[in-house]
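Chemist: Dumping the structure here so I can ask a few things about it.
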Protein chains: 2
Amino acid sequence: MSEFRKRKDSDAKAPESAESDHVDSEDDKLGASMNLSKTVPTGTDKAPSVLEFLLQDLPEKWRNWVVRGIFSLLMISFFLLVIYEGPLALMITALVIQVKCFQEIINIGYAVYRIHGLPWFRSLSWYFLITSNYFFYGENLVDYFGVAINRTDFLRGLVTYHRFISFCLYCGGFVWFVLSLVKKYYMKQFSLFAWTHVALLIVVTQSYLIIKNIFEGLIWFIVPVSMIICNDIMAYVFGFFFGKTPLIKLSPKKTWEGFIGGGISTVIFGLMMSYVMCQYPYFVCPIEYSETLGRMTMECEPSALFRPTEYSLPSWLSVLGVFGVSNTISLYPFVLHSLSLSIFSSVIGPFGGFFASGFKRAFKIKDFGDVIPGHGGIMDRFDCQFLMATFVNVYISSFIQTDSPQKLLSQVLYLKPEQQLQLFHMLKESLENRNLLELNN
Amino acid sequence: MSEFRKRKDSDAKAPESAESDHVDSEDDKLGASMNLSKTVPTGTDKAPSVLEFLLQDLPEKWRNWVVRGIFSLLMISFFLLVIYEGPLALMITALVIQVKCFQEIINIGYAVYRIHGLPWFRSLSWYFLITSNYFFYGENLVDYFGVAINRTDFLRGLVTYHRFISFCLYCGGFVWFVLSLVKKYYMKQFSLFAWTHVALLIVVTQSYLIIKNIFEGLIWFIVPVSMIICNDIMAYVFGFFFGKTPLIKLSPKKTWEGFIGGGISTVIFGLMMSYVMCQYPYFVCPIEYSETLGRMTMECEPSALFRPTEYSLPSWLSVLGVFGVSNTISLYPFVLHSLSLSIFSSVIGPFGGFFASGFKRAFKIKDFGDVIPGHGGIMDRFDCQFLMATFVNVYISSFIQTDSPQKLLSQVLYLKPEQQLQLFHMLKESLENRNLLELNN
C-alpha cells in the first residue's frame, strides 16, 4: 500500500511526459489510439463528495494526503475484517478483486483498440473470464471437497467431467470469436483476443493460486501479502531519508537505498510476523473437509512446520558455549522459510511494480482506474502481489510436503475396487520389503 | 494436409486484397507497420532449385501442383517413418515442429512491431521458449519416469525442485524484460511480451499435451492427427464436387457441403482406422517405465478399451432378431470413443483453420513461412491440430480412467514412511468396511 511512494511517482511523471512528446515517436506511430486518459477512468485525485465537502478548507496538497491516508486505513481495516471473517470471506474478496483487475486491464485494451463497432467484444471477454473462473475455481473445489461433493449425484457429474465441461465452454468462446470476425476489424479483434488471454493469464491464474495458498493455511496468504505491503512502505521511507543512488530508469524516484533498506526491513518484519502467527492454529491449519464433522474445519494438530524445533548453531558460533550460552536455538521451522519469502518479496516483488509502471507509461495512463480514492485502480495496489502468489505456491509444492495421506486416499478411492486392492497389495509388499509394516502390526 | 484447398484459397485472396485496400482502413490506421510480405518469408511458390530445373518445361500451374504433391507425399512418408521409429522419435519431432511454429509466429511479431533497435528482444523470446519447454517437458518426464529418475541423486534434486527451478528461470526472464525496457519503445516491448506469451500458450502447452497423449498410447496421437488430415482433404473433395452454399465469410471458398461431407467421411474413416489400430499392442499400450526391465516399455495386456466387448443393440433394432440377426454386436470400446474424436475434429477442428486464416488476413500475410515448398510454413499445416491435442487430453482425463494403481503408488512412495503406513491402514480399513479385503486374502 505504498501510498507515499505514489505521490512522488506522479510528481515525477508530469515533466517526463511533456518531454516524451517528441521522444516517443516510434511508439506513437504504432499506437494511433493514444490519449487514453480521456476514455479510461484514471486518477488518484477523485474523492467522494462528502469528503470533498469536509476537506474543502484544506490546501489542495494536504487534502490529497488526507484522502490517501483515510483510504489506506479503510483498506487495512477491511483486510483485517476479512481475515477475521475467515477463509470463505477471503475467497470471495479474492474473486471480487480479480474481477475488478480484469475489468481494469480489459478496459485499457478497449480504449487502445477503440472497440466501438467491434461486434460482441465486451460479451466475449466476460465470457472468457467466467469460463476460466469456472475452470479454476472448480479445480480448487474438486481438489479440496472432492470427497464431499461426490456424495451428491448431480454434483458428482460436474466433478468427474469438470475439465471436459470447461474445455467445451472454452471451445464455445473460441468458435464465437471466429464467427464474430469482421473483415474491417480483423487486426483489432485478434489484438484484443490476445489482450484478453494475457489478462486472464495474469489475473485468473494468480487468483487461483492465491486461493490454493489460502487452503494450505491462512499464514501462507497473510504473511506474503503483508511482506509486499511492508516492503512497499519501507522502501519509500528509506528512499525518502537516505535515497541518493537511482535504481532503475523506469521509475526515476526509486533508489538503491530504498531497495536495500526496504529489503532488510521486510526480512525483519517477516521473521517477527511469522513468529507471532505460528502460535495460532487459526492461521496455521490447512482448510480441510472433515469427514467426521461433515463440514470444513480449520482445527488441527499443527504440522512440524509450526512446532518449535531445536536447531544447533553453526560451529563458528558454538564458541559462545564457553560463555554459558546454549549452542542450540529453538525456532518454528516456518520462521526460517519466511526468510525465503521475504527475500523474494523484496528482491523480485518490486519488479512487479516496475512492470506495471512501465505498462502504464507505455499506454500513457496515470493509473489503472479510479476505484480507490487517493490510490487509483485496484491493479495499482496489487501490482507486486502477482508474482508473489505464484512463488508461494511453487515454494509450498517444492519445499513443503503437501501430499497428505488423506488427499492421496481420496484419489485412491476414485479407482475401481479391484485396482484399489491391487494398490493395497503393492503397498503392503513395498512396506514389508522395507520392514516398516511389522513395527505397527 | 489440404494441399488442394490451399490453391483455391490463394486464388480467392488476390481480388479480395485489392478490394480491401479501401475497406480495411480502420485496421491500417492501427497497424502502421504493414506490408509484412517483404519482411516475413512467406509463400507457397518456392521450390528447391533441383525441382525447378526438372520441372521447368511444365506450365506454371502444373508445376505448382507437382511440387505440392511431391511434398505432401514426402510429409506423409516422414510421418509414417517417425511412427515406425517409435515414441522417442515422435517426441523429438513434436519438439522440432513446436520450435519452428514458435519461430514463425514470433517472426511475424518482429515484423509487425519492427524490432530493429529493440534491445534483447530476440534473446528474450527464445529464453522464454527454452524456459517453458524446460518446465513442460520436465513435468512429463517427472510424471512418467519419476520413480526411475529418483535413483540418481543428482537428478533427484532436479525432480523434487522442478517447479521451483522453472519458476526461478521464468522470474529471471521477467526481471530481464523489465530491465531491458527503454522509454522510446515501451509500447512495442509490452506488445511483443504479450505476443511471446500468447505464442507460448498456443505452441508450447499444446506440444506438451501432444506428448502426454503419446504417453497414453500411440493410438491417442495417430488417430486424432489423421482425422484432422482426413477432414481437411475430404472437405476439399466434397466442396469441389458438390459445394454450393458458402459456410463462413472468413474463408469464402469453404462450403456447407464440404463441411458436412468432410465430417461424415471423417467419422467413417475414424471408425475404420480405430478398428484396425486397436488390434496392435504397439499402438494401444501406454508407454511406461518398467521397474523389472529397467527401461521404457510398450508391451502390455491391452486395457478393456481395446478388448472386443459385446454391446446389445438398442431395442428398436432388436426386431432384426426375427431375421436371425444377433441383437448384440462385438466392438472395441475405443471405436465408440473414436466417434467423439471424429465429431470434434470435423465440427470444431476447422475453426482452428478459420482462426489461422483470419490471423493471416489480419496481418496481411499469405502464409506463416516458406519451409515446406508448395505448402507454406509449418503453422499452415498444423493450424487445426492445436485444439485437437487439448481435446484428446481432456477427453482421456474425463472419460478414460487414467489414474493407474502404479502411478498412485509412486506418489504414495514420495510420502514419509510413517505417512505411508497411515495411508496403508486407512486404505485397509476402508477396504474392510466394504468387504473387499476378505475376497482376496
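Chemist: Are there trypsin sites (Lys or Arg not before Pro) in the stretch A:198-288 that DSSP puts in a loop and that have at most 14 other Cβ atoms within 10 Å, and which ones?
Modeler: A:LYS244, A:LYS249
Chemist: Can you pull the one-decimal nm distance between simple spin-label points at A:TYR161 and A:GLN406, each 7 Å off the Cα toward Cβ?
Modeler: 3.0 nm
Chemist: If you average the sequence gap of Cα pairs under 8 Å that are 6 or more apart and divide by the length of the stretch A:207-349, what percent do you get for the contact order?
Modeler: Normalised by residue count, the contact order of the stretch A:207-349 is 25 percent.
Chemist: Using only the Cα atoms of the stretch A:263-416, build the gyration tensor, take square roots of its eigenvalues as a ≥ b ≥ c, and label the shape rounded, prolate or oblate: rounded if a/c is under 1.5, else prolate if a/b is larger than b/c, else oblate.
Modeler: Verdict is oblate for the stretch A:263-416.
Chemist: Ranked by accessible surface with a 1.4 Å probe, highest first, in what order do A:ILE97, B:ILE268 come? Before the final figure, lay out the partial values.
Modeler: On the way: A:ILE97 45, B:ILE268 90 Å².
Output order, biggest surface exposure first: B:ILE268, A:ILE97.
Chemist: To continue, here is another question. Could you give me the ³J(HN,Hα) list for the stretch B:172-183, computed from phi with Karplus coefficients 6.51, -1.76, 1.60 and θ = phi - 60°, whole Hz, x at Gly and Pro?
Modeler: Once θ is set to phi - 60°, the couplings for the stretch B:172-183 become x, x, 5, 5, 4, 4, 4, 5, 7, 4, 10, 3 Hz.
Chemist: Quick one: what are the phi-derived ³J(HN,Hα) couplings along the stretch B:94-106, Karplus 6.51/-1.76/1.60 with θ = phi - 60°, whole Hz, x for glycine and proline?
Modeler: 4, 5, 4, 4, 4, 4, 5, 4, 4, 4, 5, 5, 5
Chemist: May I pose another question? Would you tally the net charge around A:ILE115, using a Cβ to Cβ cut-off of less than 10 Å, leaving A:ILE115 out, and scoring K and R as +1, D and E as -1?
Modeler: For residues surrounding A:ILE115, the net value is +3.
Chemist: Then there is this: Taking amide hydrogens as modeled 1.01 Å from N in the peptide plane, which residues meet the under 5 Å criterion relative to A:ILE329, leaving out close sequence neighbours?
Modeler: A:TYR311, A:SER312, A:LEU313
Chemist: Further question on the same structure: Would you please give the residues with an amide H less than 5 Å from that of A:THR255, counting only those at least 5 places away or on a separate chain, with H modeled from the backbone geometry?
Modeler: Residues meeting the amide H criterion: A:LEU247.
Chemist: Which cross-chain or sequence-distant (5 or more) residues have an amide H under 5 Å from the amide H of B:GLU288, H modelled 1.01 Å from N in plane?
Modeler: Amide H neighbours of B:GLU288, under 5 Å, 5+ apart: B:THR297.
Chemist: Extension gain A:MET75-A:LEU95, at 0.36 nm per residue separation less the Cα-Cα distance, in nm?
Modeler: Details: separation 20, 0.36 × 20 = 7.20 nm, distance 1.64 nm.
Gain on stretching A:MET75 to A:LEU95: 5.6 nm.
Chemist: Right, another one. Got a sec to turn the phi values of the stretch B:76-90 into Karplus ³J(HN,Hα) couplings, 6.51 cos²θ - 1.76 cosθ + 1.60 with θ = phi - 60°, whole Hz, x for Gly and Pro?
Modeler: 5, 4, 4, 4, 5, 4, 5, 4, 4, 5, x, x, 5, 4, 4
Chemist: Answer rounded, prolate or oblate for the stretch B:360-441, using the Cα gyration tensor with square roots of eigenvalues a ≥ b ≥ c: rounded when a/c is under 1.5, else prolate when a/b is larger than b/c, else oblate.
Modeler: Details: a/c = 5.05, a/b = 3.52, b/c = 1.43.
The shape class here is prolate.
Chemist: Give me the accessible area buried between chains A and B, both sides summed, with a 1.4 Å probe, in Å² rounded to the nearest 100.
Modeler: That pair hides around 8700 Å² of surface in total.
Chemist: Right, another one. Rounded if a/c is under 1.5, else prolate if a/b is larger than b/c, else oblate: which is the stretch B:194-328, with a ≥ b ≥ c the root eigenvalues of its Cα gyration tensor?
Modeler: Since a/c reaches 1.5 but b/c is at least a/b, the shape of the stretch B:194-328 is classed as oblate.
Chemist: Would you kindly find the accessible area of B:HIS375, with a 1.4 Å probe and non-protein molecules such as ligands, DNA and RNA excluded, rounding to the nearest 10 Å²?
Modeler: 0 Å²
Chemist: Given label points at 7 Å from Cα along Cα→Cβ, what nm distances, shortest first, separate A:ASN433 from the same residue in every other copy?
Modeler: In ascending order, 3.0 nm.
Chemist: Quick check: net charge around B:TYR137, other residues with Cβ under 14 Å of its Cβ, Lys/Arg +1 and Asp/Glu -1? Could the numbers behind the result be given before it?
Modeler: Working: positive: B:ARG163, B:LYS212; negative: B:GLU139, B:ASP143.
Charge balance in the 14 Å sphere: 0.
Chemist: Okay, moving on. To the nearest 20 Debye, how big is the dipole of the stretch B:334-441 about its Cα centre, given +1 on the beta carbon of each Lys and Arg and -1 on that of each Asp and Glu?
Modeler: Magnitude of the dipole: close to 440 debye.
The values are calculated or read from the model by the stated rules, or taken from the named source; none is laboratory data. These figures come from a predicted structure and were not determined experimentally. All Cβ positions, glycine included, derive from the backbone under ideal geometry; neighbour counts span all protein chains shown. Quick note on the areas: whole protein, heavy atoms, side chains included, nothing else; ligands and nucleic acids left out. Shrake-Rupley method; radii C 1.70, N 1.55, O 1.52, S 1.80 Å.
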